Amino acid sequence: TLDLVGPSHDKELMAKPWTESIRPQDFVWLLFFGALATFSPERDPLVLTLLGALGAVQVLEPRIGAVASVILKLFLCYPLLYFGGGLASSFYLILFLPVISAATSFNLWGTAAATFSACAIYLSFMALLEARNQYIPEDQVGELILRVLFLPVVGYLTNQLAEANRTEARKLQTTAAE
């Protein structure tokens, strides 16, 4: 079983009608994904639809729970990267969404699983290079390695920060209860 830390969703948010549960950060997310769609080098309607779906999952995360959110983000990232250019896609940074969501919601093992999945998604496009008659120039191998290395580093550091915040919150709750 996946050992989760913290609530899988906000019960107060779930109890409210959707019009009352809109958070300020939801507008920021919608603005961000709107900007991604507007300025995307990829104009394929499927890519734009996938961006919209990722934005919707991000906004709905408190209602659908962290596990469903991370899984949906991972599943949406693959076709977005695939249709957005594979390894060369400008959207490779979108893989940070499921990694950071997992890092803030799960324990270290859950974060590691999501991070491994994100790395596997990105690296899976290496298998398509030959079929697309492409290759990675030798001077770009370092870039590929850096793109992959940042995912576990950000996941780990975010998880450590979230865990420190959860520990501090528990201490404050214990102190307030006394």
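A few points about this structure:
- Probe 1.4 Å, protein heavy atoms only - accessible area per residue of the chain in square angstrom: 60 Å²
- Size of charge dipole - the stretch 42-178 - debye, nearest 20, with Cβ of Lys, Arg +1 and Asp, Glu -1, no other charges: 380 debye
- For the chain, the longest site-free run once trypsin sites (Lys or Arg not before Pro) in DSSP loop states with at most 12 other Cβ atoms within 10 Å are removed: 44-131
- Nearest-ten-degree value, helix 96-105 long axis tilted from longest Cα axis of the chain: 20 degrees
- The distance separating the Cα centre of the stretch 101-123 from that of the stretch 27-49 comes to 24 Å.
- Rg/Rg_ref, the stretch 62-178, where Rg_ref = 2.2 N^0.38 Å and atoms are Cα: 1.29
- For the chain, the relative contact order comes to 23 percent (Cα pairs under 8 Å, sequence separation of at least 6).
- Descending semi-axes in Å of the stretch 131-178, equivalent ellipsoid built from Cα gyration tensor: 45, 9, 4
- Over the chain, DSSP H runs of length four or greater, each weighted -39,500 (n - 2.57), average out per residue to a 222 nm ellipticity of -23500 deg cm²/dmol.
- 0 to 90° range, to nearest 10: angle between helix 66-83 axis and the chain longest Cα axis: 10 degrees
- FRET efficiency for the pair L31 and V154, taken as 1/(1 + (r/R0)^6) with r the Cβ-Cβ distance and R0 = 22 Å, rounds to 0.50.
- Dimensions of the stretch 67-124 from C-alpha coordinates, computed as largest minus smallest value along each principal axis and given longest first, are 32, 18, 14 Å.
The values are calculated or read from the model by the stated rules, or taken from the named source; none is laboratory data. Being a predicted model, the structure only gives us computed values, none of them experimental. Because the Cβ atoms are built from the backbone with ideal geometry, glycine has one as well, and the counts that use them run over all protein chains shown. Just so you know, the surface numbers come from the protein's heavy atoms only, side chains and all, with ligands and any DNA or RNA stripped out. Shrake-Rupley method; radii C 1.70, N 1.55, O 1.52, S 1.80 Å.
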